[in-house]
1. Per residue, how large is the accessible surface of region 168-295? Use a 1.4 angstrom probe and give square angstrom.
2. Diagonalise the Cα gyration tensor of region 276-347 and give the resulting equivalent ellipsoid semi-axes, square root of 5 times each eigenvalue, largest first, whole Å.
3. Can you pull the percent of region 287-392's accessible area that's carbon plus sulfur, 1.4 Å probe, other chains left in place?
4. When 1/r is averaged over all different Cα pairs and the result inverted, which Kirkwood radius in Å belongs to region 455-517?
5. Report the percentage of all Cα-Cα pairs in region 154-198 whose separation exceeds 12 Å, rounded to a whole percent.
Amino acid sequence: MSTNPTDARRRTGGRSDGLGPTRRAVLAAGGVVALGGLAGCSGLDGLVDRAGEQVLGTTVSTPAAFYAGRSPVDERAGSTTDGERGDRAQVLRTGPVGVAYVPATARADSREIELEGFSVSGATKARDYNSSRSNKPSSEWWAGPDDDIVDDDDDADGILDVELELLGHVVTAQDAVERRAPDEAKRALDAFIDDTETALRPKLDNCGTGVCETVRENSDIREQGVRIARRAIADANWAAAVRELAGVEEIVLGDVERLDDVLVERRPGRPRFIDVIEYLRGTPTVGERFTVCLPDASLPGDLGSLAEELTLDRVLAYFAPSHEPDGRRTPFSDRYGTRGIEYDDEGCVRLDGPVSLHRDIACQTILSAELDTYRTENRAIVGFATEGGAVVSGAPALADTDGKRVFLVADDVTGEIILGEDRDMVMPGSADDGSVSATLVCPVAVTPADCPCPLPGLFYVRRIVRDDQLVFAGGWILDEGALYEDSVTLLFDEGPTEVASVTPDDIESDDFDDRVVEGFSRDRSRYGSAIGSARVQGTEMNKAELIEAMASHALTQTDGGRKGLNAVNVKVLGRQGADDDGDEGPTYVSATAVDAPLVHLAGAGTRSPDENIGLLSRGIDKKDIRRGM
């Protein structure tokens with residue numbers, strides 16, 4: 001999305017404002033505007049005359065953006081001794097940010113009034129996401145509602161799963177060789193040989209297709225290459241080991257592609273896992289953040305308010321429809337009753353009511369990725385309390401998981417948790433001060449703009465009321481627990497979103513970043529909206545401080561919060577609880593905060609939308625925070 005004010009004018013029909021100086025002065029003074037005043041009434045008298053009949057509390061807003069956070073000197077730590085992968089912590093930040101003018105429209109008595117609105121969005125990318133995992137890619141997340149074909153004569157599914165396991169062993173060995181860790185490399189290669197002999201070949205013996213015969217022949221070649229690589233490692237001949245393992249990897253990837261072709265021919269909608277692997281080895285998009293700011297307006301007559309129209313389940317319908325074979329439907333095939341919402345032939349939201357939102361929102365173009373709640377049958381959400389907050393993660397849709405959606409507040413997981421089709425969704429109450437809603441989190445299938453196939457993700461959004469404005473803050477993150485074994489994505493929530501109000505003077509100052517951080521009280525807020533990614537011990541996973549630990553590369557052990565740890569072990573990783581000493585072993589973790597802080601531009605109603613866009617864009621581009629929002 002363009003941050004150019006001229007582009008913003010073009011997208012709103014050439015209007016830079018919609019309010020003259022006199023009308024804007026009235027707004028700044030009292031915040032009351034009659035519908036007729038902006039629908040064609042020629043003077044201030046007409047505006048005031050209708051104020052007693054049909055009134056909107058406010059029509060103005062300003063943009064807000066997620067704070068990028070202060071980055072450590074080195075954003076990736078090095079490796080350590082033999083047998084350990086080391087911290088290898090990565091701090092992933094939101095990239096280039098787009099700011100757009102997205103006004104809403106309120107209607108009554110054939111009249112319309114524009115409600116100022118702004119969206120800010122940006123994507124988070126990673127380099128070679130696979131290499132930081134050295135972990136078995138998983139195929140279990142995919143099976144969607146239409147993926148029910150069973151062919152007893154073709155065991156391609158099971159063979160593909162073993163091939164992905166073998167690929168994980170090869171990548172682990174390659175990483176260990178790179179770090180000169182012979183013991184770890186030998187363990188991975190031994191596992192490769194064992195899985196080839198005990199898991200792969202019995203399946204191949206029961207499969208008579210030409211593809212299976214090719215894989216069988218290749219398995220002999222691969223095993224020979226692994227044995228040669230193992231001898232080279234024993235002799236510390238690292239160059240020879242690298243060469244042999246690269247050849248083995250190439251053959252495994254070729255077999256994965258062959259099996260993909262078989263499965264896609266049977267089930268055309270299924271993703272090709274070779275495409276997933278290749279995409280994640282490049283510079284994949286692993287998350288996006290967005291904000292949408294609108295006035296906290298009362299609607300004309302007895303029609304309620306904009307806040308009452310935009311409940312979180314309706315906001316979900318704007319961002320994550322159900323992409324069914326015959327067209328878009330409300331999220332999760334409307335199994336939770338998102339009433340009053342339909343989609344037109346272009347897939348845009350069509351509301352029966354007094355308010356319509358901007359096309360960028362209604363047609364789901366705020367985010368660059370396409371989000372889908374249709375292909376999520378195998379996935380669910382688990383949430384649990386931790387010390388001082390809550391954490392949520394995706395998990396397999398098993399009997400002991402909580403459901404499709406969960407709502408989070410500080411100190412606990414609250415709200416009605418959906419358990420089946422016969423349960424109505426109950427929206428939870430707001431926070432004690434009424435300014436922040438609970439956070440909606442749900443599984444989605446995500447197709448980034450540069451990705452050839454869908455990936456598993458987690459969507460989240462919360463609503464904040466601030467300065468007579470509604471701020472919707474959310475995004476999506478790759479669901480690492482669905483993509484890889486022994487991996488998990490954790491979303492932390494410790495309370496209300498912290499918001500730093502900034503003025504034009506703040507933005508133009510030389511210490512803008514310092515002024516922003518001064519507006520936060522939570523220590524973790526200085527790390528902003530970053531995604532932390534690292535290999536950690538199980539006892540670290542239940543702490544909101546994990547994000548800070550990743551950012552500072554101080555991945556220290558903790559022994560508190562056993563409830564949270566055991567929930568991760570059992571519900572997410574599929575294992576029983578840790579030993580008494582809390583040593584669960586290393587796990588790959590990505591962590592981010594749903595309560596990540598915001599920077600909100602002050603002075604609603606005192607500037608035109610173009611001026612607001614220009615100011616926030618300059619703030620985003622300041623040197624101290626140019627890496628993201």
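The values are calculated or read from the model by the stated rules, or taken from the named source; none is laboratory data. Quick caveat: nothing in here was measured; it's all calculated off a predicted structure. With ligands, DNA and RNA removed, areas are computed over all heavy atoms of the protein, side chains included. Shrake-Rupley method; radii C 1.70, N 1.55, O 1.52, S 1.80 Å.
1. Values: 5160 Å² over 128 residues.
Ligands and nucleic acids excluded, the result is 40 Å² per residue.
2. Values: eigenvalues 191, 71, 19 Å².
Gyration-tensor ellipsoid for region 276-347: 31, 19, 10 Å.
3. Numbers: 1450 of 3710 Å².
Carbon and sulfur: 39 percent of the exposed surface of region 287-392.
4. The Cα-based Kirkwood calculation yields 14.9 Å.
5. Numbers: 582 of 990 pairs.
Of all Cα-Cα pairs in region 154-198, 59 percent lie more than 12 Å apart.
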